[in-house]
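Written out below as structure tokens is the structure these notes cover.
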Amino acid sequence: MADKKPRYLQNNKDMAWSLIPLLLACLVIAAIAGQCSLRVGGPEAGEVPRIDLGASLQADANALTFPVRSPDVPDQWIPNSANRGPVSGSEFQSSTVGFVTENGNFLSLTQSDASEDELVRSKTEGSRVSAGGAEAIAGLNWVVYGNDDTEPYWVADLGDTRAMLTGSGSQEEFIALASATATAPVLDKR
């Protein structure tokens, strides 16, 4: 009675029969760990991550040399991202925060000591956009940049800084963020 088949008699069928118990064991472990699921209708939207907007903007105000404002956005908006860093292609710095609106759109506010041209150039990353309009909101004049292939970019001069709004939001959401930015208090350094 032979112990094993000789190696030259083993084939792909033998390999498949060897792998099936291994795959079943992996599926059982994944199911127990809760790391896999089957959704017949496709994926569902998960919970939007939330950041502490006040703490993020205060940290930026403490670290940056220009005034940073803290806009009072609608309560239904979820602050979900923050970034501080250089404006690409220049020595200027920026503070950016992002929001998911109640309609699921994304808007971001960038504050910087860079000029309007430098700020637009850094955010559009080489896309050719031109000023296509203006909006006067809460005492600030916003220059609207964009074209059919890009999202809109709204830029306002706040004196010592420039503010830029961009994202997939509706006109009303842009106006709400522009108004909140125009009336936002400057944060004191701590």
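Listed by chain and number, the aspartates and glutamates whose alpha-carbon sits under 20 Å from that of K4, ignoring those within fewer than 8 places in the same chain, are D14.
Within straight-line reach of K123, meaning a Cα separation under 18 Å, sit the following aspartates and glutamates at least 8 residues removed in sequence or on another chain: E91, D113, D148, D149, E151, D157. Over the chain, dividing the summed -39,500 (n - 2.57) contributions of all DSSP H runs of at least 4 residues by the number of residues returns a 222 nm mean residue ellipticity of -9000 deg cm²/dmol. Hey, how much of the P(r) for region 23-153 falls beyond 22 Å, as a percent of Cα pairs? Cα-Cα pairs of region 23-153 separated by over 22 Å account for 55 percent. Taking the DSSP beta bridges with both ends in the chain, the antiparallel portion is around 100 percent. The residues of region 116-190 expose, per residue, 54 Å² of accessible area to a 1.4 Å probe.
For the chain, what does the relative contact order come out to in percent, with C-alpha contacts under 8 Å and a separation of six or more?
19
In region 7-97, the convex hull through the Cα atoms has an average projected area of 13.9 nm², a quarter of its surface area. In order along region 85-100, the Karplus-derived 3J(HN,Hα) couplings, from 6.51 cos²θ - 1.76 cosθ + 1.60 at θ = phi - 60°, round to x, x, 7, 4, x, 8, 8, 7, 10, 8, 10, 10, 10, x, 9, 9 Hz, and Gly and Pro are given as x.
The values are calculated or read from the model by the stated rules, or taken from the named source; none is laboratory data. This structure is a prediction, so every number in the text was calculated from the model and none was measured. SASA here: full protein model, heavy atoms, side chains in, ligands and nucleic acids out. Shrake-Rupley method; radii C 1.70, N 1.55, O 1.52, S 1.80 Å.
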